[in-house]
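Accompanying notes for the structure given below.
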Amino acid sequence: DAGITQSPRYKITETGRQVTLMCHQTWSHSYMFWYRQDLGHGLRLIYYSAAADITDKGEVPDGYVVSRSKTENFPLTLESATRSQTSVYFCASSVGPARYNEQFFGPGTRLTVL
Amino acid sequence: DQQVKQNSPSLSVQEGRISILNCDYTNSMFDYFLWYKKYPAEGPTFLISISSIKDKNEDGRFTVFLNKSAKHLSLHIVPSQPGDSAVYFCAADGSGNTGKLIFGQGTTLQVKP
């Protein structure tokens, strides 16, 4: 299917486990982003990537790891999940930088860490 | 420290009336602003944007106003429709070409029929 997809849509895990959230886009967009949405905080940028093999930190990168070996995929890994990482995670992509380039968001992954 | 603030968590408006959503920012380096709209169980979608060289931008029923001296922007929806009921996020870009956006906390708009 065309567009931007995230998997899984829902995930329950336990503290200390490793979790990987997947993001796939079919537009060949250069830029990809990971955000988390929490009540009272809105959307906060975790990591972003300007191209394959180029990644950089956002506002809240601690506890997360990203990689981007292919343009279309941008997985987000929680190496040792904590309860504070319970959140809704959104992946987004854009042709270029946020300025003048719309970011297209995936449907989100709701992650619960017990 | 929240650099982009939406101080009203929710807003309720009657269908056909005007909805005004407000957003304040603290960083004077921000020079491009966007509004996104989010329905439940979906990702946000882009609505409208404005550059700091302008003080107003219109797109159909949606108008964004920017007051740089007050570091304030607002989104006006006229007339409001029930389908406009959603969470609205304002966002700012002051990072040049890095693609980083700073989002506010969001305002939930309810438009009553």
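From the gyration tensor of the Cα coordinates in chain A, what semi-axes in whole Å does the equivalent ellipsoid have, largest first, with each one equal to sqrt(5λ)? Don't jump to the answer; show the numbers that get you there.
Details: eigenvalues 99, 39, 36 Å².
Ellipsoid half-lengths, sorted descending, are 22, 14, 13 Å.
Roughly how far apart, in whole Å, are the Cα centres of the stretch B:15-85 and the stretch A:75-93?
28
Round to the nearest 0.05 the FRET efficiency obtained for A:V95 and B:Q110 when R0 = 25 Å and r is the Cβ-Cβ distance.
0.15
Within a Cβ distance under 14 Å of A:V113, other residues only, what is the Lys/Arg minus Asp/Glu net charge?
Details: positive: A:K11, A:R17, A:R36, A:R83, A:R110; negative: A:E14, A:D38, A:E79.
The answer is +2.
Per the Kirkwood formula on distinct C-alpha pairs, the Rh of the stretch A:45-91 is how many angstrom? Can you show the working numbers first?
Working: mean 1/r = 0.0885 Å⁻¹.
That comes to 11.3 Å for the stretch A:45-91.
Under the definition of partner shielding as Cβ atoms of other protein chains within 10 Å of a residue Cβ, what is the mean value for peptide A:58-64? Mind dumping the intermediate values first?
On the way: counts 5, 4, 0, 0, 0, 0, 0.
Per-residue shielding by partner chains comes out at 1.
Among A:Y47, A:Y31, A:Y100, determine the one that fluctuates most according to a GNM of chain A built with springs between C-alpha atoms less than 10 Å apart.
Among A:Y47, A:Y31, A:Y100, the largest GNM mean-square fluctuation belongs to A:Y100.
Determine ³J(HN,Hα), in whole Hz, for all residues of the stretch A:40-50 in sequence, where each value follows from phi through the Karplus function 6.51 cos²θ - 1.76 cosθ + 1.60 and θ = phi - 60°; x replaces Gly and Pro.
So the J values, rounded to whole Hz, are x, 10, x, 9, 10, 6, 9, 8, 9, 9, 8.
If you average the sequence gap of Cα pairs under 8 Å that are 6 or more apart and divide by the length of chain A, what percent do you get for the contact order? Write out the running numbers ahead of the final one.
Working: 299 pairs, mean separation 39.8, N = 114.
Relative CO of chain A lands at 35 percent.
Hey, in the GNM for chain B with a 10 angstrom Cα cutoff, which one of B:D31, B:D93, B:D59 fluctuates hardest?
Among B:D31, B:D93, B:D59, the largest GNM mean-square fluctuation belongs to B:D59.
Given H placed 1.01 Å from N in the peptide plane, which residues other than close sequence neighbours of B:R17 have an amide H under 5 Å from its amide H?
It is B:S80, by chain and number.
How much net charge surrounds B:D84 when only other residues with a Cβ under 14 Å from its Cβ are counted (Lys, Arg +1; Asp, Glu -1)?
+3
Can you list the HN-Hα couplings for the stretch A:3-16, worked out from phi with the Karplus curve (6.51, -1.76, 1.60; θ = phi - 60°), rounded to whole Hz and with x for Gly and Pro?
x, 10, 10, 10, 8, x, 7, 9, 8, 10, 9, 10, 3, x
Do any of B:K68/B:K112; A:K57/B:K68; A:K57/B:K56; B:K56/B:K112; A:K57/B:K5 go past 25 Å between their Cα atoms, and which? Before the final figure, lay out each step's value.
On the way: B:K68/B:K112 32 Å; A:K57/B:K68 28 Å; A:K57/B:K56 32 Å; B:K56/B:K112 27 Å; A:K57/B:K5 22 Å.
Pairs exceeding the cut-off: B:K68/B:K112; A:K57/B:K68; A:K57/B:K56; B:K56/B:K112.
Assuming R0 = 35 Å, can you tell me the calculated FRET efficiency for the pair B:A70 and B:A41, based on Cβ-Cβ distance, to the nearest 0.05? Don't skip to the end; give the middle numbers.
Details: r = 35 Å, r/R0 = 1.01.
It comes to 0.50.
Counting only other chains, what is the mean number of Cβ atoms within 10 angstrom of the Cβ of each residue in peptide B:101-113? Don't skip to the end; give the middle numbers.
Numbers: counts 12, 7, 8, 3, 7, 6, 1, 0, 0, 0, 0, 0, 0.
Mean shielding by partner chains, rounded to a whole number: 3.
Give me the inter-chain shielding for B:38-44: mean count of other chain Cβ atoms within 10 Å, whole number please. Intermediate results must be reported in sequence, preceding the final value.
On the way: counts 5, 0, 0, 5, 5, 15, 10.
Mean partner shielding for this stretch: 6.
What FRET efficiency would be calculated for the residue pair A:T26, B:S51, taking the C-beta separation as r and a Förster radius of 35 Å, to the nearest 0.05?
0.70
Percent relative contact order of chain B, based on C-alpha pairs within less than 8 angstrom and at least six residues apart?
Values: 274 pairs, mean separation 41.5, N = 113.
The value is 37 percent.
Laboratory data are not the source of any read-out in this text; all were calculated from the coordinates shown. All values derive from a computational prediction rather than experimental measurement. With ideal geometry, Cβ positions are generated from the backbone for all residues, glycine too; neighbour counts draw on all protein chains shown.
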